[in-house]
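Only one structure is covered here, and it is reproduced in the block below.
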Amino acid sequence: MLLRKSPSLEATIRSSEITPQHVFEQHQQTRRRFLASAATLGAAALAARTLPSLINPPTTVHAAGEPLKAIPSKYTLDDPQTPFAKASTYNNFYEYGTDKSDPSHEAYRLQTRPWPIQITGMVKKPQTINIDDLLHYRPLESRVYRFRCVEAWSMIIPWDGYSLSEFINFCQPLPSAKYVQFFSYNDKKVMPDEPSGYDWPYREGLRMDEAMNPLTLLTFGCYGQVLPNQNGAPVRVIVPWKYGYKSAKAIVRFHFTDKEPATTWNVADGREYGFYSNVNPNYDNARWSQAHERRLDTSLLPRNIPTQMFNGYGDQVASLYAGMDLKKFY
Ligand code: MTE
């Protein structure tokens, strides 16, 4: 089972992925139209029509329309799905700003090809592979998961990917490796709104048995399409029984280690964000009660519903934590 190395990483850039150009052009055209017509039309009437799109540039759903081939899976839910428009405009991706709508406006700057991925640390052979080989390594499954954020909102999202365990087996970690750490892409040039005060790049990690649990998804798409940049293109993890911040986006490095790895939110505030971060309605985060959540779906207003232990995935994961005090290891 070999991951082929592409002859040239540059050759993998596809025109549909060069989104920034068209977004800039759209923006420029809007500005030109505004200036040209301002000469002939009443400025006030024109401003009323054009300013909203200048103030609030069009949402870039990067690579939307590029279908992925994903086969149906056993992971389905009866709950109504969150509309794609909501899941791609209400995001946390701090490298692109701290407002929920920022990533959908700013993440078009991220160039997702070429995209080398490093495998480092306690593995048989450290190496660098490229995203397209990773994408085509295993058939993608469509899995509908509950996605619960520590801020107490939740969504129901169909993600496309395959179990992270398949990729970890490819990496051949040494028996001494007890954790895997994820590093997100970081480059100020394309992340001008990245807030200071965090130890970038964004980092997350899982204990090896958590990472090997079949639920943990190496994710390339959602809603049957390539991941929008704002949702973590070109590859992220989804860990459905943990709070959303464990699900690192835009991953460029998988690092295997024998020590519990540092994670961005834990470093920022260890009291509030533990390493485990399992969804737990009985243990409140310092700022938010975790007993209930606001479900963002097709209802006009968010629905307030009780949160389930392990986000409803207890049957599959509770045994990972047998004998652990989950208030201590929160
Ligand atoms: N990954 C990176 N690189 N940067 C981030 O700010 N935010 C995390 C997680 N992964 C984040 C990240 C948080 S707090 C959440 S809730 C989820 O991404 C949000 O994923 P979504 O925008 O697809 O809903």
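Each reported figure results from applying straightforward, stated rules to the coordinates on display, with no laboratory input. All values reported here derive from a predicted model rather than from experimental measurement. All Cβ positions, even for glycine, are placed from backbone atoms using ideal geometry, and neighbour counts span all protein chains on display.
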Given charges at Cβ of Lys, Arg, Asp, Glu: region 260-330 dipole, positive-most of Leu296, Tyr321, Tyr283
Leu296
Calculate the dipole size of region 74-211 relative to its Cα centre from +1 charges on Lys and Arg beta carbons and -1 charges on Asp and Glu beta carbons; express the result in debye to the nearest 20.
380 debye
Given charges at beta-carbon only (K, R positive; D, E negative), |dipole| of region 66-321 in Debye:
280 debye
Once normalised by the length of region 66-321, the mean sequence separation of its alpha carbon contacts under 8 Å that are 6 or more apart gives a contact order in percent of 23 percent
In whole Å, how far is the Cα centre of region 287-307 from that of region 208-251?
21 Å
Relative contact order (%) - region 216-330, alpha-carbon pairs under 8 angstrom, separation at least six
19 percent
Compare the peptides 263-271, 69-77 by average per-residue count of other Cβ atoms within 10 angstrom and give them in order, highest first.
263-271, 69-77
Going by how many other Cβ atoms sit within 10 Å of their own, how do Met191, Met212 line up, fewest first?
Met212, Met191
Per-residue Cβ contact counts at 10 Å, fewest first, order Glu194, Glu272 as Glu272, Glu194
In whole percent, what relative contact order does region 148-277 give with Cα contacts below 8 Å and a gap of six or more residues?
34 percent
Shape verdict for region 66-321, please, from the Cα gyration tensor: rounded (a/c under 1.5), prolate (a/b greater than b/c) or oblate.
rounded
About the Cα centre of region 143-287, how large is the charge dipole given +1 on each Lys and Arg Cβ and -1 on each Asp and Glu Cβ? Please answer in debye to the nearest 20.
120 debye
Going through region 165-203, which trypsin sites (Lys or Arg not before Pro) have at most 15 other Cβ atoms within 10 Å and a DSSP loop state?
Lys188, Lys189
Could you order peptides 318-329, 278-289 by the average number of other Cβ atoms within 10 Å of their residues, highest first?
278-289, 318-329
